[in-house]
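Written out below as structure tokens is the structure these notes cover.
Read the figures in this text as sums done on the coordinates, not as results from a lab. Since the model is a prediction, treat every value here as computed from it, not as a measurement. Here the Cβ is made from the backbone with ideal geometry for all residues, glycine too, and neighbour counts use every protein chain on show.
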Amino acid sequence: MNRRPRRNRKSEVIRNMVEETTLSVKDLIFPMFLVEGSGKRIPVDSMPGIYRYSTDTLLSEVESCMKLGIQAIDVFPAYPESLKDAMATESYNPETFYLKALREIKKNFPEICLMSDVAMDPYSSDGHDGIVKDGKILNDETLEILGRMSLAQADAGVDILGPSDMMDGRVGYIRELLDQNGFTDTSIMSYTAKYASAFYGPFRDALDSAPKFGDKKTYQMNPANSQEALVEADLDMEEGADFLMVKPALAYLDIIKLLKDNYPLPIAAYNVSGEYSMLKASAEKGWLDNDRAMIEMLTSIKRSGAKIILTYFAKEFAELSK
Ligand code: PBG
């Protein structure tokens, strides 16, 4: 045997030297949940370790995350039923608690990279990402609402908008509107290949945003498809997206690789709620080692081609890397 691969694994030093993928807290975006009010820190039952914060408690949580080296967060609002309607009107009310919180975050921590969510579902009485008419999701009419929401978020000081709705043409529509209104520096991280996945379950618990009827299969992608991801990526590229995102991450590593190999834009992946909860549940039972499995999961997402990872493990990872 003149070739023995084990020689490159024989010591910690050599293993470190030949290591191809290194995770850094700088690669991570921490998704956080916001509720109205003050003094709140409500656990999400299906996501142990994750909470819904009111603006005040969120600000102190952001501060402790930043001390750990976290540089980017993505904030998702949970709205009470009383503020939802068919047209998601609350989403662009300048006085709404979400927009006020985004402003506060940027005021207190100007150096943070702040990402927001662009989609109707948290504000929609139908729980869908678009306007519903006769049981159908209207595409072009929805763009107008997404546009208003985007301008309001850009005005609140958001650095990166995250359209997660999967309506056709939304990236171009939002880009044009931002530019016309002087927000040429506001970035767009498009949810390029977002699949109709079972792994969003715990997130919808956290936000009480599950669809009131049907599913999201007429706009989110079929988990059985990969070619379609190329069509979506072509469009987002043309329409002006700054980042392409794949979501979920773990069951879609091939899609991450596909986009990475075919597009020059930075690829992001969303390690979603169900992927988080799956590990938490088995770790609680003592079936998996939480820390090792977490690092292995995040490393595999990066290895497959994602430079940026949105993950609920961000704070834990940051604590572990201290
Ligand atoms: C909705 C949205 C979803 C997530 C992010 N934005 C859920 C959905 O499409 O129903 C899921 C995130 C997660 O599961 O962690 N616009």
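Things worth noting here:
- Two-site FRET efficiency, M17 against D140, from Cβ-Cβ distance with R₀ of 51 Å, rounded to 0.05: 0.40
- Sorting the Cα pairs of the chain by distance into bins of 20 Å, from 0 upward, gives 32, 59, 9, 1 percent per bin.
- Relative contact order, percent, the chain [alpha-carbon distance under 8 Å, six or more residues apart]: 18
- Restricting the stretch 129-193 to GluC sites (Glu not before Pro) that sit in a DSSP loop and have at most 10 other Cβ atoms within 10 Å of their own Cβ leaves nothing.
- Global size of the stretch 216-322: 15.0, 47 Å for Rg and Dmax (C-alpha atoms, Rg to one decimal, Dmax whole).
- Surface/4 estimate of mean projected area, convex hull on alpha-carbon atoms of the stretch 1-50, nm²: 7.1
- Volume of the Cα convex hull of the stretch 60-137, divided per residue and given in Å³: 93
- Relative frequency of Cα-Cα separations exceeding 18 Å in the stretch 14-116, percent: 54
- Principal axis dimensions, largest first and in whole angstrom, of the stretch 149-236 by Cα: 39, 32, 19
- Loop-located GluC sites (Glu not before Pro) in the stretch 1-40, at most 10 other Cβ atoms within 10 Å (DSSP): E19, E20
- Taking chymotrypsin sites (Phe, Trp or Tyr not before Pro) across the stretch 215-293, the ones in a DSSP loop with at most 12 further Cβ atoms lying within 10 angstrom of their Cβ are W287.
- On the principal axes of its alpha carbon atoms, the stretch 45-90 extends 40, 23, 17 Å, with the longest extent given first.
- Taken along the Cα-to-beta-carbon direction at a fixed 7 Å, the label points for D254 and T218 span 2.9 nm.
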